[in-house]
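All remarks here apply to the structure that follows.
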Amino acid sequence: MSEEAKYVSDQQQRLMKVLRTLAGNEIEGLAPGDIAKLVPCAPSQVTRDLDNLKFFGWAEQLPTTNRWRLGPEIVQIATRHQIALGRARQRLDETANRYSRT
């Protein structure tokens, strides 16, 4: 085992793959069986992963269906990241403008 993979967990890697698979399917969601095929892993593993993601607020089951999507919290994290990048870009632009005045 390489030094950089020393602490890598198959279960955590699978959980992150489930998250990545859910991304982009926020409207219609995905059925656990479809997620299992895409990850790929056993449907029982997806069920466990979805339950853990739901507990943490990062996934939610669509009302009246067996389909899942990303939860609002993880999307809010991405939004905060985008806002921070925008602020950083604005600060860089301000600095560049300050030094480019002639």
### Query
Looking at the stretch 56-80, which of its residues are loosely packed, with under 14 Cβ neighbours inside 10 Å, modelled with pLDDT of 95 or more and not charged (D, E, K, R)?
none
### Task
For the stretch 51-75, name all the residues that are assigned to a helix (DSSP H, G or I) and under 14 Å from residue 23 (Cβ atoms).
53, 72, 73, 74, 75
### Query
Restricting attention to the stretch 80-93, does a residue exist that is outside any helix (DSSP H, G or I) and either touching a residue at least 24 places away in the same chain (Cβ under 8 Å) or more than 15 Å from residue 14 (Cβ to Cβ) (or both)?
no
### Task
Check the stretch 28-43 and report whether any residue there is in contact with a strand residue (DSSP E or B) (Cβ under 6 Å, 6 or more places away or on another chain) and modelled with pLDDT under 90.
no
### Task
Search the stretch 61-102 for residues being within 13 Å of the chain's Cα centre (by Cα) and among the aliphatic types (A, V, I, L, M), and hand back the single one that is nearest to residue 29 (Cα to Cα).
70
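Look at the stretch 36-60 and say how many of its residues are in contact (Cβ under 8 Å) with a residue 24 or more places away in the chain and within 17 Å of the chain's Cα centre (by Cα).
Number satisfying all stated conditions: 8.
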### Message
Can you tell me how many residues within the stretch 17-50 are open to solvent by less than 100 Å² (accessible area, probe 1.4 Å) and either under 11 Å from residue 68 (Cβ atoms) or not in a loop (DSSP other than H, G, I, E, B) (or both)?
### Response
22
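The values are calculated or read from the model by the stated rules, or taken from the named source; none is laboratory data. Since the model is a prediction, treat every value here as computed from it, not as a measurement. Note: ideal-geometry Cβ built from the backbone for every residue, glycine included; neighbour counts use all protein chains shown. These accessible areas exclude ligands, DNA and RNA; they are computed on the full protein's heavy atoms, side chains included. Shrake-Rupley method; radii C 1.70, N 1.55, O 1.52, S 1.80 Å.
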